[in-house]
Structures are given as structure tokens and as C-alpha cells.
Amino acid sequence: MTYAPSTRQQERIAYRRRQTIRSVLLAALSTAVVGTLLTVAITGAPGWDRVKSSFFDLDAAREYLPDILTGLWLNLRLLVVCATLALALGLVVAVLRTLRGPVFFPVRALATGYTYSFRGLPLIIVIYLYAFGIPGLRLQGTPDVLVLGAAAIIITYGAYLAEVFRAGIESVHPSQIAAARSLGLSYRQAMRHVVLPQAVRRVAPPLLNDTVALQKDVGLISLAGPIDAIRAAQIGVAQDANFTPYIVAGVLFVLLALPLIGVTDWVTLRAARRQNAGS
Amino acid sequence: MVLSCTDVRKTFGDHVILDGLSLDVAEHEVVALIGASGSGKSTLLRCVNLLEQIDDGEIRLDGTEITDPRADPDRIRQRIGLVFQSYNLFPHMTVLDNITLAPIQVHRRTKAEATEQAMTWLTRVGLAEKAGAYPDRLSGGQQQRVAIVRALVNNPRLLLLDEVTSALDPELVGEVLTMIKDLKGEGMTMVLATHEMGFAKQVADRVAFLDGGKVLEAGPPEQVLGDPVEARTRQFLARIIEAGRL
């Protein structure tokens, strides 16, 4: 015998389909209305022509695009290096903060002091301190300003990421550590094989979110001299008294962020699904 | 004696859980700990596994004091298996990885050796086809059987079972109890905290009734469960019978 839906069920399906069509039509209509109103309000504004020529000038966009792209390449390289090292630093600091016992007091205190101070300190000030303060010491072999600026970013973001990792570590139930220890695993082994894999999986979405924020903040290195995308755009704006290069840089940043945001959403969704499957 | 607890005291703040408790377990012996919630059954098992530090007394394993602060707890735990009420499998690992983790990391076996041993056990308990599955795909009874196998692959001298059937649906209790009975048949030395009086009767050589942080009464199951000496034991059993658990 093959299954055929009863008349009652067929009615339900038909009703739900009608409801879906109605919702879609309603959503399309309201989008069209809002879009039209916005377009009319903006393009009909008395100053629209001037805004259009100073923010959306195609020639200016074409002229400064290569410089901005060169800058963006610096942003991208900085992002990869800074994100990798800041994640590593954050993980190490978070693990150090979980160590128990009086022997580890200095390590723990140092790690705690670090996360407290560098989360409070504005990134701009840290960049100034590193990029101008350290060369000021006139020591032999002081690295390039670019390296110093990157170090400032890594050390500041490391403090944030350490707290995210720590939240993840603490979210793993103590019974998991008890189970690992009862099998004879040492604290280190329990941490490495049982706690950290679960902790990192749980905090992957906020970690990636911080990486998206980092992508914009690496540009602050231009305060120390290196020319990133925003700085390149700023130079263009200053030369022509036209704001279009900013718009170009902004669009490029959004495009750059899209893949990372997509990955974040995907990871978050997967984590949520796994958790629901577990209950 | 495989296990020998003498005058063990354990407090949490002002709360005295174990108050001079003494208990000996001989080789191949199965001892069931019974008693009301909060009588210290689980605490005693956690103290024996050194997950909790005792506040006085001593615990010996094969004659060696394991509560000596100079002893290495990791080495001692390798010889004592502990199975928890809530299974505590590692959710990010497959069944096979859960089982082979300690043999590979702690006992330094090769992956092939550990896998072979794990598969032998899984086949024995009828879970071979679940080797690649994650714990959340298993029923409670299956998870608990995996947890027992995970403790057994370390070849422990002593297996501690902490209310291993309390979190299970009634129809899943049987499969776990059968497994424990088989282990008894092989001569495994076990201490189990339990609410299942019927099971204690079947599997235990000795039943110990915990009350006021001590073993108030211990002896063969027929005697302790059938004809207890102490008034407190009779009261406890009367409540259990009232609840329909005996």
C-alpha cells in the first residue's frame, strides 16, 4: 500500500501554500515601496547633484583605484599575519590563565594583567607607542615601522581573543575534565585532547567575528606611516577635493569582508545545528 | 585487598560528607554502595579516583597508599576505571576515538593496536557498527556501554561505577546491567554506587549501606537487604520499597 495524504492533510498543504504566496507578495510590495521612497528622498534632495559629483565621480574612482588596490593588498597581508599570530597569542594566554596552583601564580597574574590592560588601551595609542616609542630608544636592530605596527595590532587583538578563548574553555563542563583525568590523562593531555577542541568549536563564531573587525582595524597602521587602502584613498581625496576614493575604498572593504562574514555565518549555523542535534 | 579505605573524611566547607568511613574490597569482589542521596556514595568513588582530595584517613590500592601527596595521581588513575552517571563521553570524538584516547596517549600503544583492542570490545558488547558514530547519535544505554568499554581498555585493577543506570530510560537499563554482570563473571573487582536494589542483590558479593558519612552496615545482599540489623537501614529500605524500587 502506498501512502496518499488524506483530504484533511491536502487542505492543510493547500492552505499553507496560499499563505506562503501571500507573504512573499507582501514582502515584495513593501520592499518596492520603501525603495521608491528612499530613491525619491535622496535624488530629490536639494543638494543631491553636488553630493553626486563629489562622492560618486566615476573618473576620480578610476584614477585612484590602482593606488587603493595597492593599499588594500597591504591590508590583506597584514590581516593574514595579524589574525594568525593574534589567534595563537590569544590561545596561549587563555590557557595560561586557566592554570591552577601557586607555582603558576606569576604566569597567571601576568596573563591576567595583560588581558586587562590591553583590552582597555585604545589600539591607536598602542600603535603610536610601538611605532614611535620603540624606534625612539635607538636600539640596534629595531624592526621596520610596519612590523612594529603589526606587533601593536597583534598584542591588542590577542587580549580580546584570549578572553573569547577563555570563555570557550570555561564553557566546557567540568565533568569532561573529570572523565579525561579519570582515564589517566594528565592536565595537559586533557586540555589538548578534550577541552580545547570543544572550546574552539564553540567560540569559532565570535572568533571569526573578531577577525572581521580586525580586517578594518589593520588599516590603523597607516597612522605610523605605511600606506593602506584608506590612507591611499585619503591622499586621493586631498589631491582632488573629491570624496569618491573613500567610497571606492569602502566598497572594496565590504567586498573583502563578504567571504569572511559568509564563513562566519556558515560556521555559526553548523554549530547551532550540531548543538540541536545533540539534545 | 585491592582497595582499602580507612577512616576517610571528606568535607565541603562545613558540610561533612564522609566522616571516618572504612571499607575494604578484596580481589574479584563486587561491592554495592547503597544509601540516600547525599550519603556520600559518589563522593567516596571520586575520592578513590583522586578527583577529590580527602581531608583525613587513607586509601590504599593493592596495599600502596594512593592518598600520599607524593604519589602521582595520573599514574594511579591509570589503574582505576571510573564510569559516570551521565556517561561523560567526549562529544567531539567518535566512539572509537573516545575509547582509544587513553590507550594511545597514556599507555603509548600504537593506533593499530588500540583500534584492534577497541573493536574487540565493541564487537563483544554489540556496538561494532557504531565505532565511527559520534556519541550524540547513540542511545543512553549505548553511550553508557561505550563509557564502560572506555574505562576497561585501560585494564584497570578496580572499576568504579557511579549510578551508571540512573540517567537511563527503564528499557535501556537491562543492557548495561547485563554488561556489568558479564564483567563480574570475568572476575573484575568493582565498587558500584546504585539505586537499583534488585541489581545490587543479583551482582554484589557485599552490600554496604552508607549513612552519616560511614558504612553503617555491610554484608551479603540477602542479609543487608533482607534482614538488616540497623534501624536506619530498615527505614531506608522501607522508603525504597514504598517507591517500588525493590
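Scan (1) within 12 Å of chain B (Cβ to nearest Cβ); (2) touching a Ser or Thr at 6+ places or on another chain (Cβ under 8 Å) for the single condition A:G184 breaks and write down its number.
Result: A:G184 fails condition (2) only.
If I ask for residues that are facing chain A (nearest Cβ under 9 Å) and either over 23 Å from the mean Cα position of the chain (by Cα) or within 10 Å of B:V153 (Cβ to Cβ) (or both), which ones from segment B:106-115 would you list?
B:H107
Within segment B:71-93, how many residues turn out to be at the interface with chain A (Cβ under 7 Å from one of its Cβ atoms), in a loop (DSSP other than H, G, I, E, B) and over 23 Å from B:G132 (Cα atoms)?
Counting residues in segment B:71-93 that are at the interface with chain A (Cβ under 7 Å from one of its Cβ atoms), in a loop (DSSP other than H, G, I, E, B) and over 23 Å from B:G132 (Cα atoms) gives 1.
From the list B:A151, B:A118, B:A131, pick out the single residue that is of a type in the set (A, V, I, L, M, F, W, C), within 12 Å of chain A (Cβ to nearest Cβ) and in contact (Cβ under 8 Å) with a residue 12 or more places away in the chain.
On inspection, the qualifying residue turns out to be B:A151.
Would you point out which residue out of A:S222, A:S186 is of a type outside the set (A, V, I, L, M) and touching a Lys or Arg at 6+ places or on another chain (Cβ under 6 Å)?
Only one candidate passes the filter, namely A:S222.
Consider A:F253 carefully, then state whether it is more than 14 Å from chain B (Cβ to nearest Cβ), within 30 Å of B:R137 (Cβ to Cβ) and of a type in the set (F, W, Y).
no
Which one of these does B:A193 not meet: (1) within 18 Å of B:A36 (Cα to Cα); (2) crowded, with 20+ Cβ neighbours inside 10 Å; (3) within 14 Å of another protein chain (Cβ to nearest Cβ)?
Tallying (1) within 18 Å of B:A36 (Cα to Cα); (2) crowded, with 20+ Cβ neighbours inside 10 Å; (3) within 14 Å of another protein chain (Cβ to nearest Cβ), B:A193 fails exactly one: (3).
For segment B:56-97, how many residues are within 22 Å of B:L192 (Cβ to Cβ) and touching a Pro at 6+ places or on another chain (Cβ under 7 Å)?
Total meeting the criteria: 4.
Among (1) touching a Lys or Arg at 6+ places or on another chain (Cβ under 8 Å); (2) more than 12 Å from every other protein chain (Cβ to nearest Cβ); (3) more than 20 Å from B:E186 (Cα to Cα); (4) at pLDDT below 95, where does B:R137 come up short?
Every condition holds for B:R137 apart from (2).
Given the residues A:V263, A:V218, A:V212, A:V251, which is the only one that is assigned to a helix (DSSP H, G or I) and without any contact (Cβ under 8 Å) to a residue 12 or more places away in the chain?
A:V251
Here's a check for you: in segment A:149-179, which residue that is farther than 30 Å from A:P135 by Cα and surrounded by 24 or more Cβ atoms within 10 Å (Cβ to Cβ) is farthest from the other protein chains (Cβ to nearest Cβ)?
Filtering segment A:149-179 for residues that are farther than 30 Å from A:P135 by Cα and surrounded by 24 or more Cβ atoms within 10 Å (Cβ to Cβ), the one farthest from the other protein chains (Cβ to nearest Cβ) comes out as A:F165.
Of the residues that sit in segment A:150-194 and are among the polar types (S, T, N, Q) and part of a helix (DSSP H, G or I), which one is nearest to A:G113 (Cα to Cα)?
A:T156
The values are calculated or read from the model by the stated rules, or taken from the named source; none is laboratory data. Nothing here was measured: the structure is a model prediction, and the numbers come from that model. Heads up, the Cβs are rebuilt from the backbone with ideal geometry, glycines too, and the neighbour counts pull from every protein chain shown.
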